[in-house]
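The values are calculated or read from the model by the stated rules, or taken from the named source; none is laboratory data. Keep in mind the model is a prediction, meaning the values are calculated, not measured. Ideal geometry is used to build each Cβ from the backbone, glycine not excepted, and the neighbour counts take in all protein chains shown. Areas reflect the complete protein model, heavy atoms only, side chains present, ligands, DNA and RNA absent. Shrake-Rupley method; radii C 1.70, N 1.55, O 1.52, S 1.80 Å.
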Amino acid sequence: MKRTSGTARDAGTLDATVARMREVGAGCPPPDGVGVFNSVYLTVTEELARRIGAGAFPDVRAASTLTTLFAGRYLDAVAAEAAGERVPACWRPLFAQRRHPGVRPLQFALAGIQAHVGHDLPLAVVDSCRTLGCRPAALEDEFDTVGEVLRSLEERVREELMPGPDLLELADPLTHLAGAWSLDRARDGAWAAARTLWVVRGVEELGEEFVRRLDTSVGLVARMLLTPLRR
């Protein structure tokens, strides 16, 4: 059953998440690829925090929990990479290519969204269900709202980071690369993965294998999105 109240602690936790993301951004001077993704993702998190604070969600605690745990997985990957520790396979391409001169800003942004939505989002849904004591279906409204904000982000990313018509020809590889990736398909896959993980949660070995294969497959797409297009 869904809860319909929030606490100051929920808002404080989300504020702390936004603050951490700003710190990451401050440490990534352009043209750092992680900084490119962090900038656009910070915009999403700030917008979600604004909506949560304005009471746009009927279940404030659920929305805050999902948003915080979702962002936390990205921030944990950043911290692990900075400490020289192993990071999820989905994030390795972005960290490895973050300063490659042949990768364009739009590619960095899409690769980060791919890693975060494809891998981190389904795990965050399951984490949230465990925290809140509910099933994935109880978080579907929050999941969809986060998806709506992400869609507006994708549109903004494409508008701001895609070169203008005078610089981008139809035959430019970036046109084909950006057109081949879809946030809606990534979100659909994330929701299906979350539901599957919830069903197999009692079978530890199976759940771990599913997460491992999900991580690898999401990372493969991220690596392809970061194919250098210029030298």
**Prompt:** Just wondering, is there one or more residues in the stretch 86-93 that are closer than 19 Å to residue 188 by Cα, open to solvent by less than 50 Å² (accessible area, probe 1.4 Å) and at pLDDT below 95?
**Reply:** no
**Item:** Filter result (of a type in the set (A, V, I, L, M) and free of Cβ contacts under 8 Å to residues at least 12 places away in the same chain) within the stretch 172-191
**Value:** 180
**Message:** Can you tell me which of (1) in contact with a Pro (Cβ under 8 Å, 6 or more places away or on another chain); (2) open to solvent by 100 Å² or more (accessible area, probe 1.4 Å); (3) at pLDDT below 85 is the one residue 161 doesn't meet?
**Reply:** (2)
**Item:** Test set (1) in contact with a Lys or Arg (Cβ under 8 Å, 6 or more places away or on another chain); (2) open to solvent by 60 Å² or more (accessible area, probe 1.4 Å); (3) under 29 Å from residue 197 (Cβ atoms); (4) not polar (S, T, N, Q) - residue 31 fails condition number
**Value:** (3)
**Request:** Please find, among 178, 190, 186, 222, the residue that is assigned to a helix (DSSP H, G or I), at pLDDT below 80, within 26 Å of residue 45 (Cβ to Cβ) and open to solvent by less than 20 Å² (accessible area, probe 1.4 Å).
**Result:** 178
**Complete:** Considering residues that are within 26 Å of residue 97 (Cα to Cα) and either in contact (Cβ under 8 Å) with a residue 24 or more places away in the chain or not charged (D, E, K, R) (or both), the number found within the stretch 30-78 is 25
**Message:** On the basis of being more than 19 Å from the chain's Cα centre (by Cα) and not charged (D, E, K, R), does residue 198 make the cut?
**Reply:** yes
**Message:** Any residue in the stretch 195-214 that is closer than 15 Å to residue 137 by Cα sitting within a Cβ distance under 8 Å of a residue that is open to solvent by 50 Å² or more (accessible area, probe 1.4 Å)? List the pairs, counting only those 6 or more apart or interchain.
**Reply:** 196/210; 197/210; 198/135
**Request:** Kindly establish whether residue 23 is over 16 Å from residue 98 (Cβ atoms), at pLDDT 85 or above and open to solvent by 90 Å² or more (accessible area, probe 1.4 Å).
**Result:** yes
**Request:** Please state which one of 15, 76 is under 16 Å from the mean Cα position of the chain (by Cα) and surrounded by fewer than 16 Cβ atoms within 10 Å (Cβ to Cβ).
**Result:** 76
**Request:** Return the only residue of 56, 63 being closer than 16 Å to residue 143 by Cα, modelled with pLDDT under 95 and open to solvent by 10 Å² or more (accessible area, probe 1.4 Å).
**Result:** 56
**Residues of the stretch 195-219 that turn out to be among the charged types (D, E, K, R), surrounded by fewer than 17 Cβ atoms within 10 Å (Cβ to Cβ) and closer than 18 Å to residue 88 by Cβ, as a count** = 4
